[in-house]
Amino acid sequence: MPFVFKRLVLVTSITAAFAADNRPPFQPAPAASYASHQTNAQITVGVDAYASGDKLKAAFGKLDPNDHGVLPVLVVIQNDSSKALRLDRLRAGYTGSGGNRVEATPAQEVRYLRGPDRPKMIPGPTGQIKIGKGKKNPLDAWEIEGRAFTAKMLAPGQTASGFFYFQTAWQRGSTIYLNGLAEAATGKELLYFEIPLQ
């Protein structure tokens, strides 16, 4: 009986692991469908702060960057113009309700905002003795860089999306600023976007 029970637990665990991996992939919505969006010169930008809820789990799984002082903000850019856009100079800023401004932290640097927990140490006859293991850095998860905004160019009729990360908590009445979008052919910079977060 114990052997059958162990096999049942193993089969159940494997089934649960596959079910978790078979959940639908994270898919951003069209830019204009977000409550916080703006259109300038046939370019629509939608933004959405991921502070809590099911959408946070869909994008980051068990990781909640907010627990570690990082607010992920999804940015979706739809190019309905006839010109290709350069996005390699795109800059994002977050302004809270009190006027404090925070620039986005590059996705590849987010993991360094919090290091792994050190293992516990006790004094011993030959020096420090390690007890147990330290915990992995939770911000060193593939979702942080894997879901970051990385597009460098945007062709006419196409959409680009990804997350920007801010070292702040979500505040009611906050605003996202985006600038640095430019026409690919001429290098002419487009108007900046100033989008209040709903």
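The values are calculated or read from the model by the stated rules, or taken from the named source; none is laboratory data. Quantities reported herein were computed from a predicted structural model and do not represent experimental measurements. Note that we place each Cβ from the backbone using ideal geometry, even for glycine, and neighbour counts take in every protein chain shown. Ligands, DNA and RNA are stripped out before the accessible areas are found, and what is left, the full protein with its side chains, is counted by its heavy atoms. Shrake-Rupley method; radii C 1.70, N 1.55, O 1.52, S 1.80 Å.
General observations
- Residues located in the range 151-178, provided they are over 27 Å from Leu139 (Cβ atoms) and assigned to a strand (DSSP E or B): Met153, Leu154, Thr159
- Hey, Glu145 open to solvent by 50 Å² or more (accessible area, probe 1.4 Å) and without any contact (Cβ under 8 Å) to a residue 40 or more places away in the chain or not: yes
- Yes/no for Lys152 being open to solvent by 80 Å² or more (accessible area, probe 1.4 Å), modelled with pLDDT under 95 and not aliphatic (A, V, I, L, M): no
- Hits in the range 39-67 (condition: open to solvent by less than 50 Å² (accessible area, probe 1.4 Å), polar (S, T, N, Q) and more than 16 Å from Arg147 (Cβ to Cβ)): Asn40, Thr44
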